[in-house]
Amino acid sequence: MAATALHDLTVAELAAKLRRKELSAVETAKHFLARGAAHGELGAYLAIDEEATLAQARAADARIAAGDTAPLLGVPVAHKDIFVTKDFPSTAGSKMLQHYRSPFDATVVARLGQGAPGQGAGAGAVTLGKLNCDEFAMGSSNENSAYRPARNPWDVSRIPGGSSGGSAVAVAARLTPAATGTDTGGSIRQPASFCGITGIKPTYGRASRYGMIAFASSLDQAGPMAHTARDCALLLSAMCGPDPDRDSTSLDRPAEDFTRSLDESLDGLRIGVPREFFGEGLAADVRSAIDAALAELRKLGAKVVEISLPLTELSIPVYYIIAPAEASSNLARFDGVKFGHRAAQYADLLDMYKKTRAQGFGDEVKRRIMIGTYVLSHGYYDAYYLQAQKIRRMIADDFQQAFRQCDVIAGPVAPTVAWKLGEHGNDPLADYLADIFTLPASLAGLPGMSVPCGFGQGHMPVGLQLIGNYFGEAKLLSAAHRFQQATDFHLRRPEGC
Ligand code: GLN
């Protein structure tokens with residue numbers, strides 16, 4: 001039997017081999033760099049720098065040789081280009097930051113990788129490069145990247161989902177064993193679902209936002225994307241933990257080893273299925289994959305109970321008021337003075353601001369800035385922004401109500417499988433509507449994940465969404481792990497990868 005190719009190994013397997021010195025970090029990095037180069041047509045990467053990667057790999061090999069046992073030593077990962085990195089450019093998928101270099105690593109990057117002064121040694125992962133994403137993480141298809149769309153490896157005429165599209169593509173096509181993503185309204189779960197991989201967004205505040213280029217600060221969360229729940233658990237354990245000196249919304253909750261409880265039995269686990277997630281908007285192919293997954297979970301001992309999240313539909317208008325409001329404020333910093341692009345010619349300071357922003361931002365970002373400033377403006381603040389905040393609170397309360405009847409909530413991640421590139425044309429609302437099932441957990445700050453659970457139309461992957469109560473990541477991961485032990489959807493691969 002042929003030996004398993006390096007790119008078929010999970011993070012857990014790779015880490016074990018590296019620790020036993022059966023592989024070196026340098027050869028592992030070279031293998032994945034070569035795969036990345038061979039699959040450029042997928043548009044997964046925005047930046048690679050072989051020298052920078054190999055330097056990190058050599059440092060990891062030196063740590064291994066010195067007997068260091070950090071959990072991810074030498075394991076390659078790639079980062080969504082929304083995390084700032086000192087060894088690679090950081091663009092947020094925007095022309096505004098085309099040549100931007102950060103003087104430091106985001107906390108999540110440091111924790112997974114080489115550590116940072118005052119922050120410990122880091123788990124030892126090696127950065128393969130920076131991954132494509134929608135501009136400033138605004139989007140559901142990766143088509144809002146200012147550089148190029150990424151393509152779904154299951155069908156290159158389709159979108160991979162967004163905004164962490166490059167992350168999902170790179171993992172699904174085995175260009176990296178794992179990647180980071182960020183999820184503001186679904187950007188880890190939705191592309192994970194569309195590309196047939198596993199991804200988790202933790203409870204808001206678990207992972208530091210320091211060095212994550214801000215979109216909507218009350219929603220943005222980092223999380224891992226990989227093939228298995230075990231790998232997500234490994235990465236998430238390294239990523240999370242308090243960072244009070246750098247992120248004021250980082251929670252004072254110690255880092256946790258999420259791999260410890262993976263094998264917990266599902267016996268008696270109450271899985272709540274929200275009625276509102278199964279309405280007429282849900283495509284039949286997605287529905288049958290989700291129904292089959294629920295049947296499988298029942299076989300594993302879980303009890304499925306119907307619950308209600310009555311405000312599900314309102315999560316779209318609420319999110320698309322709050323997120324643009326926060327974005328309009330966060331993006332005010334890109335004025336041509338402090339970071340990135342500055343217009344080459346201008347008459348005076350105001351003209352410089354205007355030209356810089358007109359040139360640097362893409363259409364979707366401009367649309368959000370305009371909506372955001374509108375809903376925050378005098379006279380509209382009460383009618384839109386304040387109202388949205390009130391409903392946001394009610395959505396969070398509904399979840400607490402639901403969690404009296406169940407331990408975990410399950411349903412679809414998205415109403416359909418991945419659509420065709422260009423299919424939504426110039427209709428941003430079509431993209432927004434596709435977020436309906438991921439937005440509620442985001443607005444409530446709850447952890448959520450996507451687990452591969454079948455295939456729909458065009459043999460495109462379907463993800464099962466699991467939503468937990470605050471700090472319920474371990475429960476989600478063990479449910480996903482048990483499911484993955486009984487199924488093989490997470491192991492299937494797109495043709496040619
Ligand atoms: N699709 C949503 C949006 O466009 C969510 C994006 C995200 O989670 N970053 O805002």
Looking at region 15-73 only, could you name the residues that are over 27 Å from the mean Cα position of the chain (by Cα) and small (G, A, S)? S24, A59, A62, A65, A66, G67
Residue count, region 424-443 (criterion: surrounded by fewer than 24 Cβ atoms within 10 Å (Cβ to Cβ), more than 11 Å from the ligand (Cβ to nearest atom) and touching a residue at least 24 places away in the same chain (Cβ under 8 Å)): 1
Top-ranked residue of region 343-373 - restricted to ones that are in contact with a helix residue (DSSP H, G or I) (Cβ under 7 Å, 6 or more places away or on another chain) and of a type in the set (K, R), ranked as surrounded by the fewest Cβ atoms within 10 Å (Cβ to Cβ): R367
Of these, R209, R230, which one is under 25 Å from G241 (Cβ atoms), at pLDDT 95 or above and in a helix (DSSP H, G or I)? R230
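Each row is one residue, and each column tells you yes or no for (1) within 16 Å of the ligand (Cβ to nearest atom); (2) under 18 Å from the mean Cα position of the chain (by Cα); (3) without any contact (Cβ under 8 Å) to a residue 60 or more places away in the chain.
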{"site": "M394", "(1), (2), (3)": "no, no, no"}
{"site": "T416", "(1), (2), (3)": "yes, no, no"}
{"site": "S450", "(1), (2), (3)": "yes, yes, no"}
{"site": "A474", "(1), (2), (3)": "no, yes, no"}
{"site": "R482", "(1), (2), (3)": "no, no, no"}
Could you list, in sequence order, the residues of region 415-456 that are small (G, A, S), closer than 17 Å to T182 by Cα and in a loop (DSSP other than H, G, I, E, B)? G445
For A150, indicate whether it is within 16 Å of the ligand (Cβ to nearest atom), among the small types (G, A, S), touching a residue at least 24 places away in the same chain (Cβ under 8 Å) and closer than 20 Å to R209 by Cβ. no
Filtering region 79-88 for residues that are touching a residue at least 40 places away in the same chain (Cβ under 8 Å) and more than 12 Å from the chain's Cα centre (by Cα) leaves a count of 4
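Being in a loop (DSSP other than H, G, I, E, B) and in contact with a Lys or Arg (Cβ under 8 Å, 6 or more places away or on another chain) is the filter; apply it to region 122-135 and report the residue that is nearest to the ligand (Cβ to nearest atom).
Checked region 122-135; the qualifying residue nearest to the ligand (Cβ to nearest atom) is C133.
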Could you tell me whether region 462-469 includes any residue that is farther than 15 Å from G186 by Cα, away from the ligand (no atom under 14 Å from the Cβ), in contact with a strand residue (DSSP E or B) (Cβ under 6 Å, 6 or more places away or on another chain) and at pLDDT 95 or above? no
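In region 167-198, how many residues are surrounded by fewer than 24 Cβ atoms within 10 Å (Cβ to Cβ) and in a helix (DSSP H, G or I)?
Matching residues across region 167-198 total 0.
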Please determine, by comparing only the residues of region 28-48 that are among the small types (G, A, S) and in contact with a Leu (Cβ under 7 Å, 6 or more places away or on another chain), which one is surrounded by the most Cβ atoms within 10 Å (Cβ to Cβ). A44
Going by the structure shown, is L421 within 26 Å of V156 (Cβ to Cβ), away from the ligand (no atom under 14 Å from the Cβ) and surrounded by fewer than 24 Cβ atoms within 10 Å (Cβ to Cβ)? yes
Residues that are crowded, with 21+ Cβ neighbours inside 10 Å and either farther than 13 Å from A125 by Cα or hydroxyl-bearing (S, T, Y) (or both), drawn from region 49-67: T53
If you take the residues in region 374-401 that are small (G, A, S) and surrounded by 13 or more Cβ atoms within 10 Å (Cβ to Cβ), which one is farthest from L309 (Cα to Cα)? A388
Just for helices (runs of 4 or more DSSP H) wholly inside region 263-367: which have at least 3 residues that are within 16 Å of the ligand (Cβ to nearest atom) and touching a Pro at 6+ places or on another chain (Cβ under 6 Å)? none
Matching residues in region 180-231 - criterion: being within 15 Å of the ligand (Cβ to nearest atom) and of a type in the set (D, E): D183, D220
Which one of T228, T203 is surrounded by fewer than 24 Cβ atoms within 10 Å (Cβ to Cβ) and among the β-branched types (V, I, T)? T203
Which one of the conditions (1) hydrophobic (A, V, I, L, M, F, W, C); (2) farther than 20 Å from H490 by Cα; (3) modelled with pLDDT of 95 or more does V417 fail to meet, given that it meets all the rest? (2)
Does T249 meet the test of being closer than 28 Å to G36 by Cβ, β-branched (V, I, T) and not in a helix (DSSP H, G or I)? no
Output the qualifying pairs, or none if there are none: Cβ atoms under 7 angstrom, residues six or more apart or on different chains, first residue in region 187-216 and on the phi > 0 side of the Ramachandran plot, second residue surrounded by 24 or more Cβ atoms within 10 Å (Cβ to Cβ) and assigned to a loop (DSSP other than H, G, I, E, B). G196/W154; G211/V84; G211/D105; G211/A106
If we keep only residues of region 461-481 that are outside any helix (DSSP H, G or I) and polar (S, T, N, Q), then the residue surrounded by the fewest Cβ atoms within 10 Å (Cβ to Cβ) is N469
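The values are calculated or read from the model by the stated rules, or taken from the named source; none is laboratory data. No experiment lies behind these values; they were computed from the predicted model shown. All Cβ positions, even for glycine, are placed from backbone atoms using ideal geometry, and neighbour counts span all protein chains on display.
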